[in-house]
1. For the chain, what does the helix formula give at 222 nm: sum of -39500 (n - 2.57) over DSSP H segments with n ≥ 4, over the residue count, nearest 500 deg cm²/dmol?
2. Pairs of alpha-carbon atoms within less than 8 angstrom and 6+ residues apart define the contacts here; what relative contact order does the chain have, in percent?
3. May I ask you to list the lysines whose Cα is less than 24 Å away from that of Lys66, ignoring any residue fewer than eight positions away on the same chain?
4. Taking loop as defined by DSSP and a crowding limit of 16 other beta carbons within 10 Å, which trypsin sites (Lys or Arg not before Pro) in region 2-51 fit?
5. Mind giving me the nanometre distance, one decimal, between the label points for Arg35 and Ile61, set 7 Å out from Cα along Cα→Cβ?
6. What does the charge count near Gly3 come to, summing +1 for each Lys or Arg and -1 for each Asp or Glu among other residues with Cβ under 14 Å from its Cβ?
7. Please give the net charge around Tyr49, taking every other residue with its beta carbon less than 12 angstrom from that of Tyr49, where Lys and Arg add +1 and Asp and Glu add -1.
8. Need one word for region 11-73: rounded, prolate or oblate. Basis is the Cα gyration tensor (sqrt eigenvalues a ≥ b ≥ c); a/c below 1.5 gives rounded, then a/b vs b/c decides.
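Quick note: the coordinates plus some simple rules give every number you see, no bench work behind them. Just so you know, these numbers come straight off a predicted model, no measurement behind them. Here Cβ is always computed from backbone atoms with ideal geometry, including for glycine, and neighbour counts include all displayed protein chains.
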Amino acid sequence: TKGTGTMAINDPVFRALNKAILDGKDISWPEFWSRITPLVEGNPNFKDYVPPHLNMGAIFIAMYNKAIEEEMAKK
């Protein structure tokens, strides 16, 4: 979230995530996000939540780390 998380959103999201993990399913973030959105989209705070696959900060860090690893592998 870009702000303070709320239990009304976090509980159903983490419940669905935990179930998927316990069921041994791979997590496809776009698919997961589309499944949980109807559960919480009525909450006005949901607009502050960023899906993991669209989190630009996390994407940048992952790409940076990959570039560093590739550079280190060349040496």
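1. Calculated mean residue ellipticity at 222 nm is -20500 deg cm²/dmol.
2. 37 percent
3. Counting by Cα, and skipping residues close in sequence, Lys66 has these lysines nearby: Lys74, Lys75.
4. Sparse-neighbourhood loop trypsin sites (Lys or Arg not before Pro): Lys2, Lys25.
5. The two pseudo-label positions are separated by 2.5 nm.
6. Neighbour charge sum, excluding Gly3 itself: +1.
7. My count for the surroundings of Tyr49 gives 0.
8. oblate
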